[in-house]
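Undergrad: Mind looking over this structure? Questions follow.
Values quoted throughout were computed directly from the atomic coordinates according to the rules given, and no laboratory measurement underlies them. These numbers were taken from a predicted model, which means no experiment stands behind them. Using ideal geometry, Cβ is built from the backbone for each residue, glycine included, and neighbour counts are taken over all protein chains shown.
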Amino acid sequence: MIDQMKTLAREETMCVLATDAGGKPYCSLMAFVADEDCREIYMVTHRGTQKYRNLMQNPTVSLLIDTRSHAARTEVQALTVEGVFQKIETPSKYERARTMLLDAHPHLGAFMGHAEAEVLCIKIDAFLLLNGLNESHYEKL
């Protein structure tokens with residue numbers, strides 16, 4: 001089942017990022033890309049955003065990745081990702097994540113070129129996959 005979870009994370013391109021805004025959930029629609037072994041997810045934001053301020057105060061996040069845009073309602077898969085935001089400290093890793101994002105989402109070029117742009121790294125802790133309405137599977141990494 002873990003392979004199905006990782007495949008979904010690698011094949012989809014959009015997710016909902018949930019952060020904590022002082023005890024209130026805060027959701028953001030985000031373009032993303034998963035790394036090769038699906039242990040990290042990369043996305044980009046600007047440092048002046050609410051989501052970035054939230055991540056600086058509480059790095060614990062939840063992501064929702066789903067197939068609703070191209071699956072029948074009874075066959076939708078929803079993957080909840082539990083994770084932790086980590087700043088990318090290594091320049092080579094930062095550039096690799098940035099390149100992966102631009103390859104998957106070329107429309108983000110100008111956004112990523114902004115002086116306030118920051119590539120985010122979410123280290124994946126666990127997956128919860130819902131297949132349709134009744135089947136669920138949980139995997140801790």
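Undergrad: Tell me which residues, restricted to the range 73-93, are under 16 Å from the mean Cα position of the chain (by Cα), over 19 Å from residue 14 (Cβ atoms) and either surrounded by 15 or more Cβ atoms within 10 Å (Cβ to Cβ) or among the hydrophobic types (A, V, I, L, M, F, W, C) (or both).
TA: 84, 88 - these are the residues of the range 73-93 that are under 16 Å from the mean Cα position of the chain (by Cα), over 19 Å from residue 14 (Cβ atoms) and either surrounded by 15 or more Cβ atoms within 10 Å (Cβ to Cβ) or among the hydrophobic types (A, V, I, L, M, F, W, C) (or both).
Undergrad: If you scan the range 11-33, which residues turn out to be under 12 Å from the mean Cα position of the chain (by Cα) and surrounded by 15 or more Cβ atoms within 10 Å (Cβ to Cβ)?
TA: Within the range 11-33, 12, 15, 17, 18, 19, 28, 30, 31, 32, 33 qualify.
Undergrad: Continuing with the same structure: Of the conditions (1) in a helix (DSSP H, G or I); (2) surrounded by fewer than 12 Cβ atoms within 10 Å (Cβ to Cβ), residue 36 fails just one. Which one is it?
TA: Every listed condition holds for residue 36 apart from (1).
Undergrad: Here's another thing I want to ask about it. Only residues that are of a type in the set (D, E, K, R) and closer than 18 Å to residue 124 by Cβ: list them for the range 52-78, please. Explain how you work it out, then say what you get.
TA: Narrowing the range 52-78 to residues of a type in the set (D, E, K, R): 53, 66, 68, 73, 75.
Within the range 52-78, 66 is the sole residue that qualifies.
Undergrad: Can I ask one more? Checking the structure you have, find out if any residue of the range 32-51 is free of Cβ contacts under 8 Å to residues at least 24 places away in the same chain and over 24 Å from residue 94 (Cα atoms).
TA: The answer is no; no qualifying residue exists.
Undergrad: Just checking, which of 9, 21 is touching a Leu at 6+ places or on another chain (Cβ under 7 Å), hydrophobic (A, V, I, L, M, F, W, C) and either more than 16 Å from residue 121 (Cα to Cα) or in contact (Cβ under 8 Å) with a residue 60 or more places away in the chain (or both)? Spell out how you get there, then give the answer.
TA: Details: 21 fails: touching a Leu at 6+ places or on another chain (Cβ under 7 Å).
When all the criteria are applied, what remains is 9.
Undergrad: Here's a follow-up. Quick one: would you say residue 69 is more than 15 Å from the chain's Cα centre (by Cα) and assigned to a loop (DSSP other than H, G, I, E, B)? Steps first, please.
TA: Working: more than 15 Å from the chain's Cα centre (by Cα): yes; assigned to a loop (DSSP other than H, G, I, E, B): yes.
So residue 69 fits the description; yes.
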